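Here the structure comes first, spelled out in structure tokens, and everything after it is commentary.
The values are calculated or read from the model by the stated rules, or taken from the named source; none is laboratory data. Remember, it's a predicted structure, so these values are computed and weren't measured experimentally. Quick reminder, even Gly has a Cβ in these numbers, built from the backbone with ideal geometry, and neighbours come from all protein chains shown.
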Amino acid sequence: METQKINLEDMIINNEPDFDLITKAGHSQQCRDLVEKLLKKDKKMRPAVATALRHHWFNMNLDTANRSAGDMGDHNPMGMDGVKPKRERKNVI
């Protein structure tokens, strides 16, 4: 277990993630962009939480969740009641 931990730390420190895997797996370019920004090694280069939450990917998925929540009737565990989607978008995730 300790060897695995050291290897993982070494991989994180010395290698760059293969962000192409995100789009190859069928996720959107917006998803890839957000993940790239959140995984910057230099913490000064990472977005603040408030900035990250304003990322286009969250807005796209909030719109989708809002449309889905409309089909939930009175039960809405996501707390999306009354939130109007900005506009319909395609290619979510």
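Conditions: (1) loosely packed, with under 11 Cβ neighbours inside 10 Å; (2) modelled with pLDDT under 90. VAL49 meets all but one. Number of the miss?
Single failed check for VAL49: (2).
Kindly indicate whether ARG67 is of a type in the set (Lys, Arg), modelled with pLDDT under 95, surrounded by 11 or more Cβ atoms within 10 Å (Cβ to Cβ) and in a helix (DSSP H, G or I).
yes
Scan the range 29-55 residue by residue and report those that are in contact (Cβ under 8 Å) with a residue 12 or more places away in the chain, of a type outside the set (Val, Ile, Thr) and assigned to a helix (DSSP H, G or I).
GLN30, CYS31, ARG32, ASP33, LEU34, GLU36, LYS37, LEU38, ALA52
Before we move on, is MET60 assigned to a helix (DSSP H, G or I) and modelled with pLDDT under 90?
When the stated conditions are applied, MET60 passes them.
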